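Down below is the structure, laid out as structure tokens.
The values are calculated or read from the model by the stated rules, or taken from the named source; none is laboratory data. All values derive from a computational prediction rather than experimental measurement. Heads up, the Cβs are rebuilt from the backbone with ideal geometry, glycines too, and the neighbour counts pull from every protein chain shown. The accessibility values were calculated without ligands, DNA or RNA, using every heavy atom of the protein model including side chains. Shrake-Rupley method; radii C 1.70, N 1.55, O 1.52, S 1.80 Å.
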Amino acid sequence: MCGANPCSKPNCTWGEKHRLECEGRLVMRWDRLTRLAYYADVKKKRGAAAAQQLIEETKRQWNTRQQSLL
């Protein structure tokens, strides 16, 4: 475990990468309208780049999940 600061370990749970992956897994489970409203809220609060990054991560999580179901 790293502590309260991110480290360079690939499985670090204190970093931005892990937070984004978790958020993407959560958002992908929501219905389309809820996702769109959340993306708009992220864009308003964190900026367009953060919203786009979340959208891309959510798609990546969805595609990974779909592949695992095959």
Relative to the first principal axis of the alpha-carbon coordinates of the chain, what is the inclination of helix 16-28, with its axis defined by its Cα atoms, in degrees from 0 to 90 and to the nearest 10? 30 degrees
Return the distance in nm (one decimal) between the two label points of a simple spin-label model at Arg29 and Cys12, each offset 7 Å from Cα along Cα→Cβ. 2.7 nm
Cα-based convex hull volume of the chain per residue, rounded to whole Å³: 104 Å³
Ignoring any ligand, DNA or RNA, what whole percent of the accessible area of the chain comes from carbon and sulfur when the probe is 1.4 angstrom? 56 percent
Between 0 and 90°, nearest 10: helix 48-69 axis offset from the chain longest Cα axis: 90 degrees
Taking only protein heavy atoms into account and a 1.4 Å probe, give the accessible area per residue of the chain in Å². 77 Å²
